[in-house]
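Step one of this worksheet: look at the structure below.
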Amino acid sequence: MLPDQKAKALAALKRLDGLSKKVATQMDENEHCPEILRNVLAMKGHLDGVQEHILESHMHTCAEKNLSSPKDKDAFIKELLTVIGLSKR
């Protein structure tokens, strides 16, 4: 991974870890549902960011190599479409 993208993804994962613990505590303490939902939505945002950073790094580090041959190009495009399709679920 590109160092900058890796650092951003890891930072977002650390925030996710903290939010996950906070949501579990909020649920254990029967906090007001909208407060819990705000943190769950924040988690989704951070997870989307992690996905973006990994995909961007992949495009920068692997695209040129894989797009140079027709065989690798087809496999690379199929791989990306599969990953992007999974992200829409």
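Could you list, in sequence order, the residues of the range 1-49 that are under 20 Å from THR61 (Cβ atoms) and hydrophobic (A, V, I, L, M, F, W, C)? Answer for the range 1-49, where residues must be under 20 Å from THR61 (Cβ atoms) and hydrophobic (A, V, I, L, M, F, W, C): MET1, LEU2, ALA7, ALA9, LEU10, ALA11, ALA12, LEU13. In the set LYS21, LYS8, only one residue is part of a helix (DSSP H, G or I) and either of a type outside the set (D, E, K, R) or exposed (fewer than 12 other Cβ atoms within 10 Å of the Cβ) (or both); that residue is LYS21.
For the condition closer than 19 Å to MET1 by Cβ, surrounded by 12 or more Cβ atoms within 10 Å (Cβ to Cβ), free of Cβ contacts under 8 Å to residues at least 12 places away in the same chain and not polar (S, T, N, Q), what is the one hit in GLU52, GLU56? Walk me through it before giving the result.
Details: GLU56 fails: free of Cβ contacts under 8 Å to residues at least 12 places away in the same chain.
Selected residue: GLU52, the only one of GLU52, GLU56 that is closer than 19 Å to MET1 by Cβ, surrounded by 12 or more Cβ atoms within 10 Å (Cβ to Cβ), free of Cβ contacts under 8 Å to residues at least 12 places away in the same chain and not polar (S, T, N, Q).
Please verify whether SER68 is in contact with a helix residue (DSSP H, G or I) (Cβ under 8 Å, 6 or more places away or on another chain) and of a type in the set (Ser, Thr, Tyr), treating the condition exactly as stated. When the stated conditions are applied, SER68 does not pass them.
Residues that are under 11 Å from the mean Cα position of the chain (by Cα) and in a helix (DSSP H, G or I): does the range 62-76 have at least one?
We begin by selecting, within the range 62-76, every residue under 11 Å from the mean Cα position of the chain (by Cα); these are none.
Checked the range 62-76: no residue is under 11 Å from the mean Cα position of the chain (by Cα) and in a helix (DSSP H, G or I).
The set of residues from the range 13-32 being touching a residue at least 24 places away in the same chain (Cβ under 8 Å) and charged (D, E, K, R) comprises just one member, ARG15.
Name the one entry in GLU35, GLU31 that is of a type in the set (D, E, K, R), more than 19 Å from ASP4 (Cβ to Cβ) and not in a helix (DSSP H, G or I).
Sole residue among the options that is of a type in the set (D, E, K, R), more than 19 Å from ASP4 (Cβ to Cβ) and not in a helix (DSSP H, G or I): GLU31.
Applying a threshold of 7 Å to beta carbon distances and a minimum spacing of six or more residues, or different chains, the list of pairs starting in the range 59-75 at a residue that is at negative phi and ending at one that is in a helix (DSSP H, G or I) and charged (D, E, K, R) reads ASN66/ASP72; ASN66/LYS73; LEU67/LYS73.
Only the coordinates and a few stated rules stand behind these numbers; no lab work does. All figures in this text were calculated on a predicted structure; none of them were measured in a lab. All Cβ positions, glycine included, derive from the backbone under ideal geometry; neighbour counts span all protein chains shown.
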